[in-house]
Amino acid sequence: MCELVENMVSFQIASPKELENISMSKDASTGVKLCCLAVKSAPVAQGVVLWAEKLVMESEFTTSASYPTLSPCILSLLRMTSQHHPFTRPTVLDIASSFLGHSNTEISFQKLTELKEQALRLLLFLLIQGEVVSVLGDMATRLKKPTTGPETNLDASLIRYFVGGLLDVLAPPCSPILLGALGELLMAPKCIDALKSSYFPSDKTTKLKNMIGVFRVTKKKHEKHITPAIAKAVDLMVMTYC
């Protein structure tokens, strides 16, 4: 079934109603059947994720004619699969992250940006599902990469898009581990340049300052359990953003 959808231009994603009624009708499309099977069966979910990983990681995929139309379907399928099967989330994270490094001169910049925004939304969804440290670590590593190469195909607007979404889902209290992970991300030079820009919305800037205020309180409250490196990161965030 994965091979069938791979050869399509795009495929239909099952609606919440179709997922609730997990028994599939004979008239259901191949995409809907695949979604329902992936939700219902852990082995099928694992197979779907491995198929997606192999397909997306191939260099030929980004230059294929179906890339701009098939990619949104794959990302939606992975989101649905990871929601119902926690064991798939680390691999789904890797796949979503790989989309951020894609480039394709045959499609418009706007379309490529939309695909990367969808990949970033999937990363935020995984973060909400419990992959906080992994997602933040992956993004921090990406933003520390050199200025050349596919790993850096994440411009300032996309960094602002991710951090803006992050601020919408983060809420106190913050653990020392979360402080460390956020410090790595927010103090990356590319992140600083993107967030200190006038293009970062004022309401998001206010949220960022408020969140850093929470970091200061957390640092003081857990002073005995916070490493010098994390304490320094909090101080630097205060100096940089407040």
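The values are calculated or read from the model by the stated rules, or taken from the named source; none is laboratory data. Here the structure is a predicted model, which means the values were calculated and not measured. Please note: Cβ atoms are built from the backbone with ideal geometry, for glycine as well, and neighbour counts cover all protein chains shown. Only protein heavy atoms, including side chains, enter the accessible area calculation; ligands, DNA and RNA are left aside. Shrake-Rupley method; radii C 1.70, N 1.55, O 1.52, S 1.80 Å.
Using only the alpha-carbon atoms, how far is helix 67-84 inclined from the longest principal axis of the chain? Give it as 0 to 90 degrees, nearest 10. On a 0 to 90 degree scale, this one is about 70. When +1 charges are put on Lys and Arg Cβ atoms and -1 charges on Asp and Glu Cβ atoms, the dipole computed for region 89-242 relative to its Cα centre reaches about 600 debye. Accessible area per residue for the chain is 51 Å², calculated with a 1.4 Å probe on protein heavy atoms, without ligands, DNA or RNA. With a cut-off of 14 Å between beta carbons, the residues surrounding M211 carry a summed charge of +3, where Lys and Arg count +1 and Asp and Glu -1.
Site pair D193 and Q129 shows an inter-label distance of 3.3 nm when each label is modelled 7 Å from Cα along Cα→Cβ.
The C-alpha atoms of the chain define a longest principal axis, and helix 202-221 lies at about 60 degrees to it. Per-residue Karplus couplings for region 109-115, computed as 6.51 cos²θ - 1.76 cosθ + 1.60 with θ equal to phi - 60°, are listed in order as 4, 4, 5, 5, 5, 4, 5 Hz, Gly and Pro entered as x.
For the chain, the longest principal axis of the alpha carbon atoms and the long axis of helix 228-241 meet at an angle near 90°.
Look at the dipole of the chain built from charges on Cβ: of H222, P189, L123, the Cα furthest out on the positive end belongs to H222.
Pairs spanning more than 19 Å between alpha-carbon atoms, out of K190/K221; K144/K219; K144/K220; K17/K40: K190/K221; K144/K219; K144/K220.
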